[in-house]
Amino acid sequence: QVQLVESGGGLAQPGGSLRLSCAASGSIFSIYAMGWFRQAHEKQRVMVATISSDGSTNYAGSVKGRFTISRDNAKNTVYLQMSSLKPEDTAVYYCSAGRNSYAYWGQGTQVTVSS
């Protein structure tokens, strides 16, 4: 079992930055792939960025070059650094963990990009 708690969401202006954090507990963090997903209002949840247990990363095309996912296995934490934010980045952001599939989810944190 893995418990995930996101933090760091909030209101940002277009062009601004935010850093999301996801603290994991309950299992061996380093063996899990971690991901950030987002769900905008009345839309499906989509992948934003993922990082494997060996540090390989993958990004959605819409955020590539603006967002960076990283992990600190010593702190059992995964981060999402978001820069050059756009209004279309507004969504609830979810942290997820898994091995063969993303089986564990956090409660989500709201990110709103607006002037």
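Screening segment 95-115 for residues that are of a type outside the set (A, V, I, L, M), touching a Ser or Thr at 6+ places or on another chain (Cβ under 9 Å) and more than 17 Å from F29 (Cα to Cα) and picking the one that is least open to solvent (accessible area, probe 1.4 Å) gives T109. Sort out which residues of segment 8-32 are within 11 Å of the chain's Cα centre (by Cα) and either open to solvent by 60 Å² or more (accessible area, probe 1.4 Å) or of a type in the set (K, R) (or both), and write them in order of number. R19 - this is the single residue of segment 8-32 that is within 11 Å of the chain's Cα centre (by Cα) and either open to solvent by 60 Å² or more (accessible area, probe 1.4 Å) or of a type in the set (K, R) (or both).
Do we find that T90 is more than 12 Å from the chain's Cα centre (by Cα) and not acidic (D, E) in this structure? Considered against the rule, which asks whether it is more than 12 Å from the chain's Cα centre (by Cα) and not acidic (D, E), T90 comes out as yes.
Annotation note: of Y94, Y104, the sole residue that is more than 17 Å from L20 (Cα to Cα) and part of a strand (DSSP E or B) is Y104. Could you please find all residues in segment 58-77 being surrounded by 13 or more Cβ atoms within 10 Å (Cβ to Cβ) and more than 20 Å from T112 (Cβ to Cβ)? N58, Y59, T68, I69, S70, R71, N73, N76, T77 - these are the residues of segment 58-77 that are surrounded by 13 or more Cβ atoms within 10 Å (Cβ to Cβ) and more than 20 Å from T112 (Cβ to Cβ).
Going through segment 30-56 one residue at a time, which ones are of a type in the set (V, I, T) and farther than 24 Å from Q110 by Cβ?
Across segment 30-56, the qualifying residue is only I31.
Could you tell me how many of the residues in segment 49-79 are within 17 Å of S17 (Cβ to Cβ), in a strand (DSSP E or B) and in contact with a helix residue (DSSP H, G or I) (Cβ under 9 Å, 6 or more places away or on another chain)?
Summing the residues that are within 17 Å of S17 (Cβ to Cβ), in a strand (DSSP E or B) and in contact with a helix residue (DSSP H, G or I) (Cβ under 9 Å, 6 or more places away or on another chain) in segment 49-79 gives 1.
Name the one entry in V48, V92 that is modelled with pLDDT of 95 or more and surrounded by 20 or more Cβ atoms within 10 Å (Cβ to Cβ). Selected residue: V48, the only one of V48, V92 that is modelled with pLDDT of 95 or more and surrounded by 20 or more Cβ atoms within 10 Å (Cβ to Cβ).
Pairs linking a residue in segment 94-115 that is closer than 14 Å to R38 by Cβ to a residue that is assigned to a strand (DSSP E or B) and basic (K, R), with Cβ atoms under 8 Å and 6 or more positions apart or on different chains, are Y94/R38; V111/R38.
The values are calculated or read from the model by the stated rules, or taken from the named source; none is laboratory data. If you're wondering where the values come from, they're calculated on a predicted model, not measured in any experiment. Methodologically, a virtual Cβ is constructed for each residue, glycine included, from the backbone with ideal geometry; neighbour enumeration extends over all protein chains shown. Protein only, heavy atoms only, side chains kept; ligands, DNA and RNA dropped before computing areas. Shrake-Rupley method; radii C 1.70, N 1.55, O 1.52, S 1.80 Å.
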